[in-house]
Amino acid sequence: MADFAIRAEGLSKRYRLSKTVRYNALRDVLTDAMKAPIRAFKTRSNGTADGLIWALKDLSFEIKQGDAVGIIGRNGAGKSTLLKILSRITAPTRGYARVRGRLASLLEVGTGFHPELSGRENIFLNGAILGMRKREIARKFDAIVAFAEIDKFVDTPVKYYSSGMYVRLAFSVAAHLEPDILLVDEVLAVGDAAFQRKCLGKMGETSREGRTVLFVSHNLGAMSALTRTCVYIHRGQLMDFGDTASVVQRYLVENSSEQRSVGGVGRFRRDPNMETPVRISRVWVNDGSHEIPILEMGACFSISIEVEAISSIQGANVSVVLKDIHGQRIVVLFSWDNEFALSISPGRHGIQIDIEGLPITPGRYFADIGLNQTTITRSYDVIIDYPLLEIVNHGRVAQWLDRPWGGIHWKEVQWKLR
């Protein structure tokens, strides 16, 4: 007997985009009738019909029992649609998915809850939906309530719960009733940081007990820590399925290249009344020889900055400020800390910043890069919010020095003019 928990073959889901219904006058009817042959010709030529979209297209994969599997992809890739098909919320247009075992899903805040019922009643209702006996639910009731931290409100109708209380109870019910397969969408983003850590720990415990976990998240650090295999979906199609580290790396490389091609090198901010003698033309991260937008935590790397000078400049300074996705300053690099001043002649030149063991946690980081006149009060050129790099996994830990303006003021770098 096969040991799979989920098997998908040619799984596809097509939706028809709805249009606003409006009153049609006689001229509208006649116009639509005249355009009908043209629409039919376009449909035959393109092989698609107007108003139709494939949320999923020919997905085939197999997940073994006890696997912890992540599902990644950009917004609109089809991740939630896949979980809804596996949960039997919606039916596939084509293909099939076989699910073996009792399945619990947490796709939206309060999925399966009745707002007029209390937390206690909803726990028993959800347990019954999952096929649990009343005695079994009662045995685990105290653990569910304690995990959700709603002891004082367990007999209050859930319609009065905050979104955080709602999701805590929903996750606690789904995780403690011991389903064979647990599906979790991005709903964990609703809870606070402490609750998210509890949820990740519980999902890890569920996986170690031999049950299957499917986890959809944009938190790639949590994905790498929790899952062993990963599914990468792009525009409804299966791009990769395999080891989490390699799949996440491919996703980051492709996503990073798309970001850079759309917005150039970033959003420039210049003084419109000043004709700058030098400007930044390109920025990238490398390992000394190859461009690498993805790094492991604690790895050594270099930031390369290419500049074009119209006239000679003397004594300029370079600043690089790394920020997280929320805009919070994380690392501050100033060239004058290492007694490096930029003096260049007209033409194209390169600046290389060699960084050793930067202790920042996994995540995506943006950069503000500036060419400054002696101090940062006057600038030749500045790039704002450049998508510089992605940190994954775990690595070395080092000591750093906090500064009043925020971020790590990191001085263990070398500045070079090429």
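At a 10 Å Cβ-Cβ cut-off, how would you order Arg208, Arg329, fewest neighbours first?
Working: Arg208 10, Arg329 15.
Taking fewest neighbouring Cβ atoms as first place, the list is Arg208, Arg329.
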- Rounded to two decimals, the Debye log10 I(q)/I(0) of segment 129-169 (Cα scatterers, no solvent) at q = 0.25, 0.35 Å⁻¹ is -0.92, -1.12
- Task: Report, in whole Å, the centroid distance computed from the Cα atoms of segment 118-150 and segment 290-340.
- Result: 53
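Based on the Kirkwood radius over alpha-carbon pairs, what value in µm²/s does the Stokes-Einstein equation return for the translational diffusion coefficient of segment 178-247 at 25 °C and 0.890 mPa s? Could you put the intermediate results ahead of the total?
Numbers: Rh = 12.9 Å.
The calculation lands on 190 µm²/s.
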- Query: Which ordering of Met165, Met239 is given by a fewest-first count of other beta-carbon atoms within 10 Å?
  - Reply: Met239, Met165
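Could you list Glu205, Glu149 so that the one with the fewest beta carbons within 10 Å of its beta carbon is first and the one with the most is last? Present the calculation step by step, with values, prior to reporting the outcome.
On the way: Glu205 12, Glu149 16.
The fewest-first ordering by Cβ neighbours comes to Glu205, Glu149.
Per 0.36 nm of contour for each residue apart, how much would the distance between Glu205 and Ile310 grow if the chain were fully extended, relative to their Cα-Cα spacing?
Working: separation 105, 0.36 × 105 = 37.80 nm, distance 6.07 nm.
In short, 31.7 nm is gained.
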- For Asp381, the residues 5 or more places away or on another chain with a placed amide H closer than 5 Å to its own amide H are Leu371
- Message: 7 Å from Cα along Cα→Cβ at both Ile325 and Asp142: what's the point-to-point distance in nm?
- Response: 3.9
- Note on the structure: Rounded to the nearest 0.05, FRET efficiency between Arg228 and Ser281 (Cβ-Cβ, R0 45 Å) equals 0.60
- Query: In this model, which of Lys64/Lys140; Lys57/Lys84; Lys13/Lys79 are farther than 19 Å apart at the alpha-carbon?
  - Reply: Lys64/Lys140
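Coordinate-derived values only; no laboratory data. Values in this document were obtained by computation on a predicted structure and should not be read as measured data. For neighbour counting, all protein chains shown are included, and Cβ atoms are generated from backbone atoms with ideal geometry for every residue, glycine included.
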